[in-house]
Structure formats: C-alpha cells, structure tokens
1. Would you tally the residues in the range 76-108 being in contact with a strand residue (DSSP E or B) (Cβ under 6 Å, 6 or more places away or on another chain) and of a type in the set (Lys, Arg)?
2. Going by the conditions given, is ARG141 open to solvent by 70 Å² or more (accessible area, probe 1.4 Å), under 27 Å from ARG51 (Cβ atoms), free of Cβ contacts under 8 Å to residues at least 60 places away in the same chain and not aromatic (Phe, Trp, Tyr)?
3. Looking at GLU165, GLU170, GLU193, can you tell me which residue is on the phi < 0 side of the Ramachandran plot, loosely packed, with under 15 Cβ neighbours inside 10 Å and out of contact with any strand residue (DSSP E or B) (no Cβ under 7 Å at 6 or more places or on another chain)?
4. For the range 22-65, what are the residues that are farther than 20 Å from ALA115 by Cβ and either within 16 Å of the chain's Cα centre (by Cα) or not hydrophobic (A, V, I, L, M, F, W, C) (or both)?
5. Name the residues in the range 52-75 that are in contact with a strand residue (DSSP E or B) (Cβ under 6 Å, 6 or more places away or on another chain) and farther than 16 Å from ASN9 by Cα, would you?
6. Can you name the condition, by its number, that ASP44 falls short on among (1) more than 23 Å from PHE152 (Cβ to Cβ); (2) touching a strand residue (DSSP E or B) at 6+ places or on another chain (Cβ under 6 Å); (3) charged (D, E, K, R)?
7. I need the full set of residues from the range 62-91 which are crowded, with 20+ Cβ neighbours inside 10 Å and of a type in the set (Ser, Thr, Tyr), in order please.
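The values are calculated or read from the model by the stated rules, or taken from the named source; none is laboratory data. Nothing here was measured: the structure is a model prediction, and the numbers come from that model. Note that we place each Cβ from the backbone using ideal geometry, even for glycine, and neighbour counts take in every protein chain shown. Ligands, DNA and RNA are stripped out before the accessible areas are found, and what is left, the full protein with its side chains, is counted by its heavy atoms. Shrake-Rupley method; radii C 1.70, N 1.55, O 1.52, S 1.80 Å.
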Amino acid sequence: MRLVLATRNEHKLRELSGIMAPHELEALPEGVRLPPETGTTFADNALGKARAAAAATGRPAVADDSGIEATALGGGPGVWSARYAGDGASDEENLAKLLSEVPEDGDRRVAYVCALAYVEPGGREEVVHGRCEGVLAREPRGSGGFGYDPAFVPDDYPDGRTMAELTPEEKDAISHRGRAARELRDRLLRVEEAERPARGPLA
C-alpha cells in the first residue's frame, strides 16, 4: 500500500519509511497545507493532519503527533513539545527549556508519546498509540536522533545511553513512534489480507 505521510519533517519520513515496510510512504506534495496543531491531544492533531492530506491528495494518508511528557511538569510539555520554547523554536531551544524547568533534585521521569493516524479519503480512520518510558539526563549527549533525544535515557537499555547515542536500529526497536508504526503496519496488513479475494480451487 502506498501512503502519503503528512509531515514536512524529513527525520520522521526517513524513520517511519523503514518501519512501515512493505507499505510505501511518500512525502507530502508541495502546496498541500496542513492545519495548525491546535488539538488538546496527540490524537486530535494527528487526525487533523491525516484528514487534510487525504482530502488534498485523494489518497490514504498517515500522520503522527508526538512529544515528551515530564512527570515533574505534570505531563508537560506534551502536545506543545515542538513549540515549547515558542513558535519557530529550534530543537536545541526546546530541549534547553525542558532541562532548565525540570528540577535537578526532582522527579526526572519522562515519557515519549506518539499518536499515529491513518485516514482514507472519505472512508476509514484509525489511530494507534506508542509510548517509551525513560528519565531525563542532566545534559545532552549524542549526535543522533532529533528533538529531545539527546537528553532522553530510555528504560529499555540498561547502559544509560540517550536516544541520541543509540543506533537507528536500536532506537526504532523501542521508540514511541516505532511502536505505533509497527502496530499500524500490522493492522493494515491484516486488513489487506482479509480483503484479498479467496483463491478458487486449483484447476
């Protein structure tokens, strides 16, 4: 199945393309406008983007909305993760703000959360979720990944590396986006299998 990915983020396109195989993800065509992320949940924002892409292209579309939730901040920044330090803020600025606001001696538990939406033009809609638990490092480490990865230490690996210090394969295996993408991939494969015409008797 060929799907339009409703994002301008090349990191997400590259990350999701490998996980979603054998489904093919295509970049959002130039000129397609996505709605602002004004929803109060990740699912709201993901559905809004997927609906817009499906309507504009006439093809099935996938969109994600994801972010980081810090226990010490009551679950913030949450849906505002991408603009935590203000509209147009860089990844580095958002991360610096988070590191400055989570107390050094406080609860440093964090979680990455992802909602991944699938929308068919005028048809089926589906949302799956993925989650990755961890702790916030006291300073950034590593050159891989993007967003808050340099300070996110996942529980899944006991060696204390941040997401930015993992290989792409290690990150995909445990990430919130990876978990959501694998669930959606498998659901779509099951639907395709169920809709495939039954083979008739052999001649």
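1. 1
2. Values: open to solvent by 70 Å² or more (accessible area, probe 1.4 Å): yes; under 27 Å from ARG51 (Cβ atoms): no; free of Cβ contacts under 8 Å to residues at least 60 places away in the same chain: yes; not aromatic (Phe, Trp, Tyr): yes.
Taking the combined requirement at face value, the residue does not satisfy it.
3. Matching residue, one of GLU165, GLU170, GLU193: GLU193.
4. If the condition is that a residue be farther than 20 Å from ALA115 by Cβ and either within 16 Å of the chain's Cα centre (by Cα) or not hydrophobic (A, V, I, L, M, F, W, C) (or both), then PRO22, GLU24, GLU26, ALA27, PRO29, GLU30, GLY31, ARG33, THR57, GLY58, ARG59 are the ones that fit.
5. Result: ALA54, THR57, ARG59, PRO60, ILE68, GLU69, ALA70, THR71, GLY75.
6. Of the numbered conditions (1) more than 23 Å from PHE152 (Cβ to Cβ); (2) touching a strand residue (DSSP E or B) at 6+ places or on another chain (Cβ under 6 Å); (3) charged (D, E, K, R), the odd one out for ASP44 is (2).
7. Scanning the range 62-91 gives SER66, SER81, TYR84.
For every residue, the table says whether it meets (1) within 21 Å of ARG182 (Cα to Cα); (2) part of a helix (DSSP H, G or I); (3) acidic (Asp, Glu).
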| site | (1), (2), (3) |
| --- | --- |
| GLU15 | yes, yes, yes |
| PRO22 | yes, no, no |
| ALA43 | yes, yes, no |
| ALA46 | yes, yes, no |
